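The values are calculated or read from the model by the stated rules, or taken from the named source; none is laboratory data. In this text, all values refer to a predicted model and were calculated from it rather than measured experimentally. Cβ atoms come from the backbone with ideal geometry, glycine included; neighbour counts cover every protein chain shown.
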Amino acid sequence: MKTGTLSSDPLRGDGEAAPSWWRERGRRHIDWCTAGFCIMGGLLVGITVLALANMATAELADPVHLFKVAASSEVIGSILLTFGAGASAVLLLILFGTPLAYVLARSRPSRFKGVVESIVDIPLILPHTVAGLLVYLLFMRRGWLGAPLSEVGLAFEDALPGTIVAMLFVASPFYVNTMREGFEKVPVHLENVARTLGAGTFTTFRTVTLPLSLRHMYSGAVLAWGRAIGEFAGVIMIAYYPFIISTLIYYSFTTDGIHTSRSIAFTVILVSFGVFYLLRRMTRYLGRYDDRV
Amino acid sequence: MLVIDSVSKSLGEFSLSNVSLSVEDGEYFIVLGPTGAGKTILLETIAGIYTPDAGRILLNGRDITDVPARERRIGMVYQDYMLFPHLTVEANIGFGLKSRADPAFIRGKVEESADLLNIGHLLQRYPGTLSGGEQQRAAIARALVMEPEALLLDEPLSALDVKTRENLRAELARIHEATGTTIVHITHNFEEVFDLADRVAIMRGGDVIQVGTPEEIFRRPNSDFVAGFVGVENLFCGTGSGDGTVAVGDLRIRAENAIPGPVSVAIRPEEILLSKTPLPENGKNVVIGRVDSVRPNGGLVRVSVDAGVQFRVTLTRQGFEETGVAPGDAVHLAFRSSAAHVYPPGEEEEA
């Protein structure tokens, strides 16, 4: 499997991996179409690079302040809370989203299935404030689900469960759709064979389909987690407190001003980069057999 | 004995309509038909992947129509092997035995089955590292290790190259001999029939058209479709006259089973003799015509002769050279009345 072909720099890449037009450039002619595409794409990438560079320059000029903010218990606690709430949302997604993804992958097209598919995708198309309101109205103390659950002591308003539920809602399409793609790649005939060999439906799922979809499960979970920890508008409606990192940055931006909020933001960027880099690396050791299906 | 009794199944674009077949114990039964004839659905319905919309399936006397696939004791091998890519060959073959408690027993069974297929040296390999032929052997071993009451093979040789296909074909015959398993094998390749099949069923569009021994199908097709499928190139419409002859255009062809009324006549191209000099009649049909074209085809030569109707004759290269004919020559054709096979006319041939 080739990984990271999109982000690898063809100048530094070995000759084999570089696309042929690049190697031929010096000797033959310039493909103006591809060159134009590269320039246009470069502008897009350039904005991100410029924004990061802009922030990094300012922050690295005052490392003492950066370190003071980054090491404050408020920031560390908020980062841990955000990551933890995101991870909890992802665990719930794995538990409930995996069966849903499997059913969607294996059922034949029907009107009902189309409706379910649209419902799964709803959080993708809604403005996040709308998603936040939906979650709030359902889980608030007087909400349809919030009221009975608060009876048994599970409160969502301005509490961690509220954060998790909001994250779960906005992240669910990312997990379900990725997982479903993975299941669809496992040939139905493989499952048929397993059944003729005496395996029941669940045994087949557990011993054949799931192991062959592990990589999709993993990348779906990473995507959903990334989406969950980045959520702001969806979460603050139901749980302004405890501060997740987005809320903390916004709060700090509106009260302390740019200087502190920028330092928190830069800290978050560094931590997120590190974590996602590690998570991406780990995919190498996972589901090596997916490609052969 | 495996009995498929009036089974119908509709699955979108593919379907089975009222299919009845019965496969004897230990028989090697081939289902032959073009792509899209519903052959795979037939096998998957027998295996229990699908439940028929109507009809019954009986295996050795018990009605298995509603028995789930995992309890049917019917093995299945697909064209594209369908080995579990995340498991070694050993784990693949042992997959169905996993519920047994005794690891030594499983290992013994797996090795026995692998040895039967000559893949004992591949047990620790992963499927992705095997050739097509090796993968198909592993898939067959995986099905056989369960000691199935019937083994279903879905185009098992179609994805393989010519040489591997011949080897594995011989292997299938040997395995059938050694295990005595009832086998239902589906294919679109007529070549596989003569080497392997005890009996053959021809399918088209979800229907079974004809069932018989390979010899019967080959010599006495019951329809234009079967005749075309098994390579009968001379198909004529005619009128049977009840005196053992059939009028085809201006010709009167003697045929063994000539029935009165409108009929089709099928004559295999290799059963016709061709000569520049008159041929002795000896009770044969003799026809005079003119050579239209001569087309060499590997070791064979196909000659097209206009005798009022168009005859196609296949000769060996040697046989052709001995006749010394060239396009435009007047020639004599002769064929036995038993070579002219008559059946009621059907709808237009599609193959």
Scope the stretch A:89-119; condition surrounded by 19 or more Cβ atoms within 10 Å (Cβ to Cβ) and under 19 Å from the mean Cα position of the chain (by Cα); matching residues: A:Ala89, A:Val90, A:Leu93, A:Gly97, A:Thr98, A:Ala101
Inspect the stretch B:157-169 for any residue being within 12 Å of the chain's Cα centre (by Cα), β-branched (Val, Ile, Thr) and within 22 Å of A:Val193 (Cβ to Cβ) and give the result as yes or no. no
Residue within the stretch B:22-33 that is in a strand (DSSP E or B), farther than 20 Å from A:Thr204 by Cβ and of a type in the set (Gly, Ala, Ser) present: yes
Single condition A:Gly234 does not satisfy, out of (1) within 14 Å of another protein chain (Cβ to nearest Cβ); (2) outside any loop (DSSP other than H, G, I, E, B): (1)
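From B:Met1, B:Met82, which residue is farther than 16 Å from B:Glu149 by Cβ and either more than 13 Å from chain A (Cβ to nearest Cβ) or not aromatic (Phe, Trp, Tyr) (or both)?
Sole residue among the options that is farther than 16 Å from B:Glu149 by Cβ and either more than 13 Å from chain A (Cβ to nearest Cβ) or not aromatic (Phe, Trp, Tyr) (or both): B:Met82.
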Tell me, yes or no, whether the stretch B:45-63 has at least one residue that is surrounded by 14 or more Cβ atoms within 10 Å (Cβ to Cβ), in contact with an Asp or Glu (Cβ under 9 Å, 6 or more places away or on another chain), charged (D, E, K, R) and away from every other protein chain (no Cβ under 14 Å). yes
For residues that are part of a loop (DSSP other than H, G, I, E, B) and within 12 Å of chain A (Cβ to nearest Cβ), tally how many sit in the stretch B:109-148. 6
What's the total number of residues in the stretch A:187-208 that are at the interface with chain B (Cβ under 10 Å from one of its Cβ atoms), in contact (Cβ under 8 Å) with a residue 60 or more places away in the chain and in a helix (DSSP H, G or I)? 2
Residue under question is A:Ile258, and the condition is that it be surrounded by 15 or more Cβ atoms within 10 Å (Cβ to Cβ), away from chain B (no Cβ under 14 Å) and either in contact with a Ser or Thr (Cβ under 6 Å, 6 or more places away or on another chain) or modelled with pLDDT of 85 or more (or both); does it hold? no
How do the pairs read when you match residues in the stretch B:96-112 that are farther than 16 Å from B:Ala143 by Cβ with residues anywhere that are modelled with pLDDT of 90 or more and in a helix (DSSP H, G or I), using Cβ under 6 Å and keeping only pairs 6 or more apart or on different chains? B:Arg100/B:Ile106
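Out of all the residues in the stretch A:173-209, which are under 20 Å from B:Leu144 (Cα atoms) and surrounded by fewer than 16 Cβ atoms within 10 Å (Cβ to Cβ)? It would help to see each step written out before you state the result.
Taking the stretch A:173-209 and keeping what is under 20 Å from B:Leu144 (Cα atoms), we get A:189-200, A:204, A:208.
Scanning the stretch A:173-209 gives a single hit, A:Gly200.
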Test result for A:Val130, in a helix (DSSP H, G or I), more than 25 Å from A:Met217 (Cβ to Cβ), of a type in the set (Val, Ile, Thr) and more than 14 Å from every other protein chain (Cβ to nearest Cβ): yes
Taking the stretch B:262-294 only, how many residues are farther than 12 Å from B:Leu333 by Cα and over 31 Å from the mean Cα position of the chain (by Cα)? 3
